[in-house]
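Accompanying notes for the structure given below.
The values are calculated or read from the model by the stated rules, or taken from the named source; none is laboratory data. None of these values were measured; they are calculated from a predicted model. A quick note on method: Cβ atoms are made from the backbone with ideal geometry, for glycine too, and the neighbour counts reach across all protein chains shown.
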Amino acid sequence: MDRLAFTASGTASGLVTNGVSYFLLIYYSQVIGLEPALAGSALLLALAFDAVSDPLVGRWSDRFRSRLGRRHPFLYAATLPAAASYYCLWTPPDLSQPAMFLWLLVFTITLRLAMTLHTVPFNALLPELAPDYDRRTRLMNYSYAGAWFFGTAIAVAMYLWWLADTPDYPDGAGILRRSGYEQAGLVTAAGVGLCLIAAAIATRRHIPNLATPPPGAASVATALAETTSTLRDRSLIAIVASTAFTAAASGTATAMWAYMQPWFWGFESSQTSTILATQLASPLIAFSLLPALSRGRDKKVLLIQVSILSMLAGSGPVILSLLGAFPPVGHAALFPLMTAIGVVQVSLIVMGGAISASMVADIVDARAVATGRREEGLVISVLSFTGKVATGMGVWIGGVLLSAIALPTGAAAAGIDRATIDRLGWLYGPVLALLYLIAIYALSRYRLSRHRHEENLAALAANGGTGPGSYRSGTSRGDPT
């Protein structure tokens, strides 16, 4: 049941993330007719609100007391608002420009807040449901594999089904079909709601065995002191910094995807769609490989290796192409080679995300030994906050790179000279590599090992589930995996 719960939770996140990231801006700016600057501003404001809400929800769920425990009231409360707001985003009425801006802003904020109410408390269950060093990695593997597989599947379905060309929308104009977005919005909203409620129900049986916070609310001064103490943890700083630069690299690559495929690599739209479709295999590959790769090994070492390979897969082909050591544009080997590299790259991203989340759970146990406080929500929300902000920074970096080469607005690939395209590559490849190198260096400062984690579990067991503090922790171990 725990495996089902984490798969369902990850799937809901993947459906929402890919729907919003890939299609929401173009839908409102090109189909609905909202001024692009207004649409972009609404999405940016919603992202800022979302990032700030993460640590607040995390801290709140750490201290919340109810007969349903600390986390599950948030999980149940998130379900209906998430599904309803997602559907409303894709079915706006005919409104004026200011009113449409408010519609987009309000429902995007509602959606992001609802997903935060689920994601942060749900992932905060991980340290208690899976104390074992390897089992928590396996559970997060289910979550990340579900997110990437179904998130990619909905994007592929959009292009092949809901936004496919029709007699009324020929020659690539299917992307402008409003009815397609509305139908996809309904189906996806239903899927999100079902996944969120399934994740909550599947983990409800653990409630009696989960930690209970002490009665009474902490003073503001105490809360700030505890939060500051946690944020100074060196292993947490290391994993947060590593996550920040990895997410910035991922955000940059995502923002540049639509530019690099047709212009730098010379791929047609059908080839780009094929590359995206083949990446459906990536979560399955990661899901199959990670348990074997992580067995008996320290997570820090494994994540460094995954990060190095991610850097090589992301920036290597670009740099090699510029140096003349890679199949040139139009070569028969280029498309299958880049397709294979894309599958490998996404597989590495999925594995890296699962390992990082598992390492954060190890930090929670170390903090419990040191302070006696169960701060899963706060610690995990810091990672979530960092990832969201850094991904946004990656998109900004992509914009800076495009401005630096003075890319013509609205130009077709054939209309851009090769020198301009090469300048884009010389900026993109090294910048991506630099972001990964900084992430790897930060990760090298992480201190927790498999042996240290086992010592922490022994200390927690000797103190009834915590260190010297006042939280009671249960003995839930979940179902075997």
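Being out of contact with any His (no Cβ under 8 Å at 6 or more places or on another chain), closer than 26 Å to Leu460 by Cβ and either assigned by TED's automatic domain parsing to the domain that holds Ala51 or surrounded by fewer than 23 Cβ atoms within 10 Å (Cβ to Cβ) (or both): is that true of Thr371 here?
When the stated conditions are applied, Thr371 passes them.
Return the residues of the stretch 257-275 that are crowded, with 18+ Cβ neighbours inside 10 Å and more than 26 Å from the chain's Cα centre (by Cα); say none if nothing qualifies.
Trp263, Phe264, Trp265, Phe267
Can you tell me which residue within the stretch 2-48, out of those that are in a helix (DSSP H, G or I) and of a type in the set (D, E, K, R), is surrounded by the most Cβ atoms within 10 Å (Cβ to Cβ)?
Asp2
Given the options Arg67, Arg59, Arg71, Arg112, name the one that is of a type in the set (Lys, Arg) and closer than 16 Å to Thr17 by Cα.
Just one listed residue meets the conditions, Arg112.
Just one of Ile405, Ile349, Ile341 is at pLDDT 90 or above and within 30 Å of Ala42 (Cα to Cα); which is it?
Ile349
Give me a count of the residues in the stretch 134-176 that are farther than 20 Å from Val16 by Cα and free of Cβ contacts under 8 Å to residues at least 40 places away in the same chain.
Residues flagged as farther than 20 Å from Val16 by Cα and free of Cβ contacts under 8 Å to residues at least 40 places away in the same chain within the stretch 134-176 amount to 10.
Tell me whether the stretch 207-214 contains one or more residues that are out of contact with any Gly (no Cβ under 8 Å at 6 or more places or on another chain), closer than 22 Å to Ser66 by Cα and crowded, with 16+ Cβ neighbours inside 10 Å.
Looking for residues that are out of contact with any Gly (no Cβ under 8 Å at 6 or more places or on another chain), closer than 22 Å to Ser66 by Cα and crowded, with 16+ Cβ neighbours inside 10 Å, one finds at least one in the stretch 207-214, hence yes.
Given the criteria at pLDDT 85 or above, surrounded by fewer than 24 Cβ atoms within 10 Å (Cβ to Cβ) and not in a loop (DSSP other than H, G, I, E, B), does Trp148 qualify?
no
What residue, of Thr222, Thr278, Thr254, is loosely packed, with under 14 Cβ neighbours inside 10 Å and of a type in the set (Val, Ile, Thr)?
Thr222
Across the stretch 205-257, which residue is modelled with the highest pLDDT among those that are outside any helix (DSSP H, G or I) and among the small types (Gly, Ala, Ser)?
Filtering the stretch 205-257 for residues that are outside any helix (DSSP H, G or I) and among the small types (Gly, Ala, Ser), the one modelled with the highest pLDDT comes out as Ala211.
Can you name the number of the only condition in (1) modelled with pLDDT of 90 or more; (2) over 22 Å from Ala8 (Cβ atoms); (3) assigned to a helix (DSSP H, G or I) that Thr91 fails?
(3)
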